[in-house]
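So the structure is just underneath, and the comments pick up after that.
The values are calculated or read from the model by the stated rules, or taken from the named source; none is laboratory data. In this text the structure is predicted, and so the values were computed from the model without any measurement. Backbone-built Cβ (ideal geometry, glycine too); neighbour counts: all protein chains shown. Heads up: the accessible areas ignore ligands, DNA and RNA and are worked out on the full protein's heavy atoms, side chains in. Shrake-Rupley method; radii C 1.70, N 1.55, O 1.52, S 1.80 Å.
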Amino acid sequence: RMDRVTLPPTMTWGLAGLIGVVCLLSAQGVAQAPVSLAAVHAPVGRVVQQAGHVQAHRARMLDSTNPRQGALGSGSAHGPTFVESYDPSAEWVEAAPQWTMPPVVTLAGGLAMMGMAAALALHRRLLPRPASKLEPLPWAMAATTGAVSRRTALLGSIATAGFAAPALAFGGRDFYGEFTRVITQKYEAGTLGIAFADILRLVFHDAASYDKDQKTGGLNGSIRFPEELARPENAGLAPVVEKLLDLQQEITAQTGVPISFADTEILACQMVVALDFKKLLQSKAEPGSEDQLYNAYGNQPRRLRVGRVDAQGPDPEGLVPWTGSSPADFLAAGRRIGLAKADICHLAPGLLMSEAEAEAVLSQDGSLQGVFVDIGRSKETTTRTNYEVTLLNAIGRMGMAAV
């Protein structure tokens, strides 16, 4: 759990369902009950255009042939009720117009919320509670020791991540912020030493092994094993892995949290790309206004979840497209990890040995040529927003490719 105790999710959903039922039932009753004159003075005035008593002007204001309009208090239970007249001496009148909700919809909404609470309660009973105060990282650590399966660990991380923000407000630790702060410090000091294209290729190749049907592969850090690094598509990535292993140890030493290699590589990828973008934008600013320009117009990365689990061996071979692969092969690999056609085009710097080579291969598919035209146009702008945001989002999606 977090450093501060928050309301359990099961209780949260249960209360939400109960409150929803009470509110909807209350609305059902209120809609059919009289309300005070002061509460409906304005709407009634708009309907009947008050000018003293308007009983004599009913024919002018209301269509007597409409079955929904008639004596005071008439109208459908599930449709608008029109006020026939406004009498200042009357203490109560009926609100108008008014829409009510059928009881079956009210009950269905409440039952749906209660069902979600029950499902979450069952899910929480099936998942062992982490003993550590850190969350969601304990799921990853438990899976590494074999106490929890990798799939269960990731589900636990995702399920608990939604409650991280409230916990932070009450003193919980910001693991994403702590981890990326170490990466940023090394980048700015010039000691990170990881190139934009190299980290993109490493992350894409690690994620592209994902096989949903076989429940294997994904962004699990398996690319750090010599067997995978020896494959043709991973030529030249061994030095990058060494630097990431050093970074992993440094993050653990500075934060006291045993971060996984998978978390290290995806966070390093995001920050290297984002900080390269930041440097480029600031180079266009007047001296002294670099930070002001970036804070106002920079494309800053979104927070990523942490708690990924490292694989204990290499992933299957033959799933990562490389030299000789067709555009269809790259697109198929992208679909397995949730990437659209445009995402694959934006990842061109990390698909092959050079961005130009990847663009030439992908452009063999006529439907992708226009994407590269749009990328070129975006790169010519000052902020390059379309290009940078799409690429940063694609990195985030690769981070979710896991068993």
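Going through region 343-360 one residue at a time, which ones are of a type outside the set (D, E, K, R) and open to solvent by 40 Å² or more (accessible area, probe 1.4 Å)? Step through it out loud before you land on a result.
Within region 343-360, the first condition is being of a type outside the set (D, E, K, R), and the residues that meet it are 344-354, 356, 358, 360.
If the condition is that a residue be of a type outside the set (D, E, K, R) and open to solvent by 40 Å² or more (accessible area, probe 1.4 Å), then Met353, Ser354, Ala356, Ala360 are the ones that fit.
Restricting Ile259, Ile251 to those that are surrounded by 14 or more Cβ atoms within 10 Å (Cβ to Cβ) and part of a loop (DSSP other than H, G, I, E, B) reduces the list to Ile259.
Anything in region 279-293 that is assigned to a helix (DSSP H, G or I) and open to solvent by 50 Å² or more (accessible area, probe 1.4 Å)? List them, or say none.
Restricting attention to region 279-293, the residues satisfying the condition of being assigned to a helix (DSSP H, G or I) are 279-282, 290-293.
Result: Lys279, Leu280, Glu290, Asp291, Gln292.
Yes or no: Leu200 surrounded by 16 or more Cβ atoms within 10 Å (Cβ to Cβ), at negative phi and assigned to a loop (DSSP other than H, G, I, E, B)? Taking the combined requirement at face value, the residue does not satisfy it.
Take the conditions open to solvent by less than 10 Å² (accessible area, probe 1.4 Å), touching a residue at least 40 places away in the same chain (Cβ under 8 Å) and within 25 Å of Asn299 (Cα to Cα) and apply them to Leu368. Does it pass?
Numbers: open to solvent by less than 10 Å² (accessible area, probe 1.4 Å): yes; touching a residue at least 40 places away in the same chain (Cβ under 8 Å): yes; within 25 Å of Asn299 (Cα to Cα): yes.
In short, yes.
Specify which of the listed residues (Arg377, Arg336, Arg384) is open to solvent by 40 Å² or more (accessible area, probe 1.4 Å), touching a residue at least 12 places away in the same chain (Cβ under 8 Å) and not assigned by the TED database to the domain that holds Leu275. So that I can check it myself, show each step before the final result.
Details: Arg377 fails: touching a residue at least 12 places away in the same chain (Cβ under 8 Å); Arg384 fails: open to solvent by 40 Å² or more (accessible area, probe 1.4 Å).
Within the list Arg377, Arg336, Arg384, the selection yields Arg336.
Which of the residues belonging to region 294-306 are buried (at least 22 other Cβ atoms within 10 Å of the Cβ) and assigned to a helix (DSSP H, G or I)? Answer for region 294-306, where residues must be buried (at least 22 other Cβ atoms within 10 Å of the Cβ) and assigned to a helix (DSSP H, G or I): there is none.
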